[in-house]
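Below is one structure, written out as structure tokens, with a few remarks after it.
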Amino acid sequence: MNLVAIDIGNTNISVGLFLKGAEQSIKTAGGAETDKVAANIREAWEKIPVSKHSKEGKQDGVVIASSVKPVWTEMVRKIVEEELQTKLLIIGENIPFPIDMAIENSIKVGTDRIVAAAAAYSVVGDAVVVLQVGTAVTIDLVDENGVFKGGVIAPGFEASSQALKDSTAQLPKIQIHKPAEVYGKNTMEAINAGLYYSAIATLQEMIRRYAEILGRWPQTVLTGSGAALIKDDCEFIDSYVPNLVVKGIAFAYRKYLDEKSKE
């Protein structure tokens, strides 16, 4: 199983290379950095071996994307079709969702949430909460039977900081970082501490509420572009897994191939 897995988010695009099912590399660029995104995709594709059965020398692999931003999906599709001369497969369209879902209108749920949840459950094998900290914060529950139950969506650091600036007369927009102290001694420090610790508190509170539903504390997995910033202050988290969505794309394709082989 050789594939290039592309996580198209709201801010970044991550490109993962998997050869014979094993992760080789994952590179991330801002979605607006078109040239860099294209270079990452080309570099990964060029490392996929040529098919022994191809007279045209085509690579023995596929390119699969999970996307939450349609305009960037089309940009990536153009790169894949014009530069790689292959088809871009999309999770939820060409590749089925890899997990059972007990939610309304599953097609409207971000595929990043679905594949990350499926990948986490495939490892844990029990109830698990997947917490993604990025442009948005999503906190999703998978029950002990491997059913995606749904979750919550909250603003990420960038959106929260922008909202404070836009909704007030004098508060500035800031870049969030780990606070030196719990309380700020000036306005910028106070905003930073407030947004930083409120994000952590939100994660912990939702896990607690999910635990009440389950009747026990679930396994927890933290991921997302903003997760590295707060992970050391999240003692309640069991695992920090960077690029879980990219890994979830590979899992979804592996499950798809397994199920096709049984037909």
Fill in the blank from the handout: Residue hits (the stretch 117-174; over 30 Å from residue 215 (Cβ atoms) and of a type in the set (Lys, Arg)) are 165, 173
Problem - Those residues of the stretch 173-197 which are exposed (fewer than 14 other Cβ atoms within 10 Å of the Cβ) and free of Cβ contacts under 8 Å to residues at least 12 places away in the same chain, in sequence order - result: 180, 183, 185, 186
Practice task
State whether one or more residues within the stretch 206-216 are surrounded by 15 or more Cβ atoms within 10 Å (Cβ to Cβ) and either touching a helix residue (DSSP H, G or I) at 6+ places or on another chain (Cβ under 8 Å) or part of a loop (DSSP other than H, G, I, E, B) (or both).
Solution key: no
Handout entry: Every residue from the stretch 172-205 that is in a helix (DSSP H, G or I), of a type in the set (D, E, K, R) and more than 16 Å from residue 132 (Cα to Cα)
Key = 189
Handout entry: Test for residue 69: is it within 18 Å of the chain's Cα centre (by Cα) and closer than 12 Å to residue 13 by Cβ
Key = yes
Problem - From 114, 153, residue being assigned by TED's automatic domain parsing to the domain that holds residue 195, in contact with a strand residue (DSSP E or B) (Cβ under 7 Å, 6 or more places away or on another chain) and within 22 Å of residue 251 (Cα to Cα) - result: 114
Practice task
Would you confirm whether any residue within the stretch 141-164 is closer than 22 Å to residue 195 by Cβ and among the charged types (D, E, K, R)?
Solution key: yes
Exercise for the section: Mind telling me which of the residues 159, 180 ends up being under 28 Å from residue 69 (Cβ atoms) and in the same structural domain as residue 217 (by TED's automatic domain parsing)? Expected result: 159
Practice task
Please enumerate the residues belonging to the stretch 74-84 that are in contact (Cβ under 8 Å) with a residue 12 or more places away in the chain and either in a strand (DSSP E or B) or farther than 13 Å from residue 8 by Cβ (or both).
Solution key: 83, 84
Handout entry: Options 131, 89, 141: the member that is within 23 Å of residue 259 (Cβ to Cβ), in a strand (DSSP E or B) and at pLDDT 95 or above
Key = 89
Handout entry: Subset of the stretch 224-256 [over 22 Å from residue 211 (Cα atoms) and of a type in the set (Phe, Trp, Tyr)]
Key = 251, 253, 256
Exercise for the section: Go through the stretch 35-63 residue by residue and tally those that are within 15 Å of residue 25 (Cα to Cα) and surrounded by 12 or more Cβ atoms within 10 Å (Cβ to Cβ). Expected result: 11
Completion exercise
When the stretch 99-125 is checked residue by residue, the ones that are surrounded by fewer than 24 Cβ atoms within 10 Å (Cβ to Cβ) and either assigned to a strand (DSSP E or B) or within 11 Å of the chain's Cα centre (by Cα) (or both) are 100, 101, 110, 113
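The values are calculated or read from the model by the stated rules, or taken from the named source; none is laboratory data. Keep in mind that this is a model prediction, so the values were computed, not measured. No Cβ is skipped: glycine too gets one built from the backbone with ideal geometry, and neighbour counts run over all protein chains shown.
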